[in-house]
Amino acid sequence: MKVAIPALETSPPESQPSCAEPQRCAHVRVFPGAIAANWGVIARLAGPAQTGAAIKADAYGHGLSAAAMALARAGCRQFFVASLAEGVAARRALGAGPSIWVLNGLAGARPEALCAAALSPVLNSLDDIALWAGAGAWALHLDTGMNRLGLPMTDWAQAAQQAHGFMPVLVMSHLACADISGAPMNAAQHARFREGAALFPQALRSLVGSAGMALGPLYHQDLVRPGLALYGHWGSDQALPALTPAMAVSAPILQIRAVQEGDSVGYGASYRCIKPALLATIGIGYADGFLRSMSNRGYGALDGVICPIRGRVSMDLTILDVTAAGPRARCGTMVEILGPHLSAAELALLSETIPYEVMTSFGAAAASAGGRIIA
Ligand SMILES: *Cc1c(COP(=O)(O)O)cnc(C)c1O
């Protein structure tokens, strides 16, 4: 996704070859103001619990620095990243002050590497607790049944003994089924977490991210750690206050053609026209993070008119039936791919994935191709 317009987060190379004439191309736009506003909505719902922010995976594709700075301005003081590298980038953006928790723990890094950027690990094993040995503030992840990261139940008592004298500042766990409010596993994990957290009575407690907010104040504990909701979606089956999406994607029409009944469209001729139609080829494909599973299923929106995808999404091109849009379909017109008419949740349903993957796909492709537009 070549983005050759100003106001990018990353500036283009200084001396560009003469062939780098600006061209119409797909855009990923990010709205840090929406991220800040969403944090405020979550913080009001969570209160009196504190509200942190998960900004791992480049802030879910929105750009770590811009998101971190907007959240800090909104009042956030607790940030969660996955890795040391993300933590270093977050510290650079945030400056001294806010806590930055590294969810993957030490993961082979020396404690000094984290200390150098004033990062705090979320530790997952007795070995790493011994290695850290009070090098600074740390968190303990208790595995209460997800079997992903975290200290197994059988090690909890020993951790409490071992950490005597350098107790964790934060104990946390993570729910496997927070998006299904009636899932019995939520209550089971909550009960196990209570038991484990009691071994570390002075530590702050944290159990849920975005979807878990819907399970009620009992689950909010001392600190909630939303990610998805910051970017505009609760990811829960429950009704919660409205949030504002923080990413929009659009792509230009590159060519328009009229087709007849019986004509085929795209690779594999996987779509065959059942009546005459106007097709538009737009400049976005799976290399831009537009999932190929949208082939023959998804839509674009032209001035709010829904235009179905015909045939397969290819590497940098996708074909839409723009018949319904009539004269609004012209070469150069930008088509909405993600935005007011097509949410990440809808795209996720259509492509059989989750809004998280929709966002990180678009965001990662845009970041590696030259940047997102910060609105
Ligand atoms: C990513 C993550 C979160 C945030 O989850 P969302 O569903 O995006 O709100 C919270 N806690 C942990 C441990 C995570 O890995």
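Summary of computed values
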quantity: Accessible area, probe 1.4 Å, largest first, for residues 154, 360; calculated: 154, 360
quantity: Linear extension gain, residue 306 paired with residue 187, 0.36 nm per residue minus alpha-carbon span; calculated: 38.7 nm
quantity: Using alpha-carbon coordinates, inclination of helix 64-74 to the longest axis of the chain, degrees; calculated: 60
quantity: With DNA, RNA and ligands ignored, accessible area of residue 39 (1.4 Å probe; Å², nearest 10); calculated: 30
quantity: Chymotrypsin sites (Phe, Trp or Tyr not before Pro) within region 153-219: DSSP coil, no more than 16 neighbouring Cβ in 10 Å; calculated: 166
quantity: Student exercise, the chain dipole from Lys, Arg, Asp, Glu Cβ charges, in Debye to nearest 20; calculated: 500
quantity: Average Cα contact separation per residue, the chain, under 8 Å, 6 or more apart, as relative contact order %; calculated: 19
quantity: Per-pair calculated FRET efficiency, R0 = 35 Å: residue 23 and residue 131 via Cβ, rounded to 0.05; calculated: 0.10
quantity: Helix-only [θ]222 nm of the chain, DSSP H runs n ≥ 4, -39500 (n - 2.57) each, per residue, nearest 500; calculated: -8000 deg cm²/dmol
quantity: Accessible-area order (highest first, 1.4 angstrom probe) of the listed residues 86, 21; calculated: 21, 86
quantity: Area accessible to solvent at residue 155, 1.4 Å probe radius, in Å²; calculated: 40
quantity: On Cα atoms only, tilt of 184-197 relative to the major axis of the chain in degrees; calculated: 40
quantity: The chain: angle of helix 84-94 to the longest principal axis, Cα-based, in degrees nearest 10; calculated: 80
quantity: In region 265-299, the trypsin sites (Lys or Arg not before Pro) that fall in loop regions by DSSP, at most 15 other Cβ within 10 Å; calculated: 297
quantity: Accessible area of region 245-374 belonging to carbon and sulfur atoms, whole % at 1.4 Å probe; calculated: 55
quantity: In nm, spacing of pseudo-spin labels at residue 153 and residue 293 (7 Å Cα→C-beta vector); calculated: 3.2
quantity: Three-way shape call for the chain based on the alpha-carbon gyration tensor, with the a/c threshold at 1.5; calculated: prolate
quantity: Which of 274, 337, 180 is most accessible, then next, and so on - probe 1.4 Å; calculated: 274, 180, 337
quantity: Segment residue 267-residue 238, extension gain: residue separation times 0.36 nm, minus the distance between their alpha carbons; calculated: 6.4 nm
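The values are calculated or read from the model by the stated rules, or taken from the named source; none is laboratory data. Predicted model only: the values in this text are computed from it and were never measured. Glycine also receives a Cβ, built like all others from the backbone with ideal geometry; neighbour counts cover every protein chain displayed. Protein only, heavy atoms only, side chains kept; ligands, DNA and RNA dropped before computing areas. Shrake-Rupley method; radii C 1.70, N 1.55, O 1.52, S 1.80 Å.
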